[in-house]
1. Conditions first: (1) out of contact with any strand residue (DSSP E or B) (no Cβ under 6 Å at 6 or more places or on another chain); (2) β-branched (V, I, T); (3) not in a loop (DSSP other than H, G, I, E, B). A:V104 passes all but one, so which condition is the exception?
2. Determine which member of the set A:E293, A:E253 is away from chain B (no Cβ under 12 Å) and part of a loop (DSSP other than H, G, I, E, B).
3. Taking the condition under 22 Å from B:V176 (Cα atoms), touching a helix residue (DSSP H, G or I) at 6+ places or on another chain (Cβ under 6 Å) and either in a helix (DSSP H, G or I) or not acidic (D, E) (or both), does B:V364 pass?
4. When only residues in the stretch B:115-135 that are surrounded by fewer than 15 Cβ atoms within 10 Å (Cβ to Cβ) and within 22 Å of the chain's Cα centre (by Cα) count, which is nearest to the other protein chains (Cβ to nearest Cβ)?
5. Here are some residues: B:T235, B:T291. Which one is over 24 Å from B:Y55 (Cα atoms), surrounded by fewer than 21 Cβ atoms within 10 Å (Cβ to Cβ) and among the β-branched types (V, I, T)?
6. Can you tell me which condition B:E218 does not meet? The list is (1) more than 7 Å from chain A (Cβ to nearest Cβ); (2) not in a loop (DSSP other than H, G, I, E, B), and all the others hold.
7. If a residue must be among the β-branched types (V, I, T) and in contact with an Asp or Glu (Cβ under 9 Å, 6 or more places away or on another chain), how many such residues does the stretch B:274-290 contain?
8. Between A:E220, A:E209, which is outside any loop (DSSP other than H, G, I, E, B) and touching a Gly at 6+ places or on another chain (Cβ under 9 Å)?
Amino acid sequence: MAKHEWLSEIEAMVGRQYGRIYAWDKVNEAMVRQWCEVMGVENPLYTDADYAATTEYGELVAPPAMLQGWCLAGFGDEILAPGSTKENPYGALVFLEKQGYPAVVAVNSNLHFDRYITMGEKLYYTTVFDSISDEKTTALGTGFFVTLKMTYFSEKANGQDDEKVGDMMFRVFKFKPAKKPETKAPAKEAAKRKRPKPGISDDNRFFWEGFEAKEMRIQECNSCKKLQHPPAPVCMHCHSFDLGYKVASGKGELYSFVIMHYPHVAPFDSPNPIGLIELEEGVRIPAGLIGLEEGVSPKIGQKVEVEYHLFDGELTLPQFRLLPIKES
Amino acid sequence: MNESISGKAAIAGLGATEFSKNSGRTELRLAMEATLAALEDAGIDPSEVDGFCSYSVDKVPEYEISRLLGCNEVKFFSQIPHGGGAACAPIMHAAMAVASGVAKTVVVYRAMNERSWYRFGTGDYGFASSPVFENINYGYYMPHGFHTPASWVGMFAQRYMHEFGATSEDFGRVAVASRDFAATNPAAFFYEKPITLEDHQASKWICEPLHLLDCCQESDGAVAMVITSVDRAKTLKQKPVVIKAGAQGIAEGQQIMTSYYREDITGLPEMGIVAKELYTQSGLGPNDFQTAIIYDHFTPFVLPQLEEFGFAERGKAKDFIRAGHHERGGKLPINPHGGQLGEAYIHGMNGVAEAVRQVRGTSVNQVDDVENVLVTAGTGVPTSGLILGAE
């Protein structure tokens, strides 16, 4: 992807620090109580002063997760608390907006707490524009991952140095939304895809043709009478090229299995259970499983029986139905 | 006279790019960066290279590297098939070439933009139906949607769990230990990002019985090494890392990822063949290693590998893992770079690189007093292994 000329301009902004944004209110019991009520937090360390006095902290503390909340902007015309600098800490995002990347989605944030915050502390934070990714395309659209780092401080009186109390990595994706296809919904499109076809050669044609005749044909050596699967041009036991097949009963048991969840690949169902079946004739064959009950895992050793299903109007495949486990 | 390759050749130079999800440059460039770094590390002039070996799935041809290096005379080149099963074999082939005198200075490399250019696990490969063997073979799986490496491994894992009582938590313990090492390896993608067993259990199903955190990463990057004779390596810049043994293995009933038709599918007999040959060549045994690089594209196959090499009895690797022997500080810490689960997936070549650092004593997660390191290659496929050690 060719680099935009203006990228050097925004890359030069990396590392820039943006001012102080103050909390509107000192850390206080009322806001802590309201936050705990709304969030369903019942820890008495945050709301019960008598209890808090008996803990190692000796007094009420604020829930650490409130750290970002204390310094959030307000709603009015003057949205930043007094003392805050006026410079927009999201300058990099404003810049990208001007280049034609209007949409934004928060991607992830990591919070780190140095210590508990106590009642009466006055907090502020500074912001560093930490990094910008190369241009990326995701399902949402094309744009840039922008990472900001906020550092939170408790302001001290009497000329003492302010104390760092926590920090936050905050990453957003600033992007041009992808254009939605105008016609056909994706699901409909997916439904049109067909199952991959097997590779058929002179060595295994009998096997695949058998399914159309609703037969499970397992290769048999006409010389030594042993079975083998997958089919081959020669007997792996006696090296005879004189091979035929035996029609198996289609009954067997589950030797192993998987349940596929991801990635979703059309036209297959998700989840897609696949069994490794040990046929009663003694050879194994993998195939789709049917008859799973929701929430009940298949059991190794469970009896199965073949059924033949036509897919896409042209491909007959064996599927093995899980039979009920008999109570003993 | 010792007719084996043991002790005849050494890894004299090591180079790598950074590991990422999008290298932003071509695979050829990655291969050249790693190769030049390896030659610089060894103190060998590029024109001296007279041999190459890589994976058959690597898309960078040795003749282009040779042209760009300005090699005078290249007399040996080979490629090893079967994906990650080739992780150790190029070094073995290079050692064979050096030991036999066919070549003197062999570069091995693996360069890939696997994550950003093509992904191995999409399940959507567009196999054709013409009667070449590959189509015939995958035709038994693809029409059912049984089409990802995770699902093929899962089929073995489910049976292994059933027979030996291993659990998803046991697989998780492998991932947790790898991520612990990665957390202190700045070259790892998951640097400073350890996980807990709870994280592992809570991660989404990719394919039952495999969770997301049972699966290795997808990565871009390159690793290269230079192999020459032990005698010459002693005159070069780095401490020689001696190739004490190298082996490949194909066992009865072998297929690529789908050897389901063997009497028993809970073991990795091809790795057993590699183990026997490595121990025979080197005269070493399971008690002679201070650390090991055990191929970890998916966690479940780490367990039978520990059994095939005699670190645990059949079916007992779960006890080895539960005791934490594989962890940092354990009796056999495995994958101290963080493995392919934690550092990067460079098809196992980054694991060989870690073994080199462990023998040199230069790893960020250095194990004490390393004399011998076992390295294994991809599991479920025709595979390979190495024993590297100090002189």
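Coordinate-derived values only; no laboratory data. Just so we're clear, the structure is a prediction, and the values are computed from it rather than from any experiment. Virtual Cβ from ideal backbone geometry, glycine too; neighbours counted across all protein chains shown.
1. Going through the list (1) out of contact with any strand residue (DSSP E or B) (no Cβ under 6 Å at 6 or more places or on another chain); (2) β-branched (V, I, T); (3) not in a loop (DSSP other than H, G, I, E, B), A:V104 breaks only (1).
2. Checking each option against the conditions leaves just A:E293.
3. no
4. Applying the filter and picking the extreme gives B:T122.
5. Among B:T235, B:T291, only B:T235 is over 24 Å from B:Y55 (Cα atoms), surrounded by fewer than 21 Cβ atoms within 10 Å (Cβ to Cβ) and among the β-branched types (V, I, T).
6. With (1) more than 7 Å from chain A (Cβ to nearest Cβ); (2) not in a loop (DSSP other than H, G, I, E, B) applied to B:E218, the lone miss is (2).
7. Going through the stretch B:274-290 one residue at a time, the tally reaches 1.
8. Of A:E220, A:E209, the one residue that is outside any loop (DSSP other than H, G, I, E, B) and touching a Gly at 6+ places or on another chain (Cβ under 9 Å) is A:E220.
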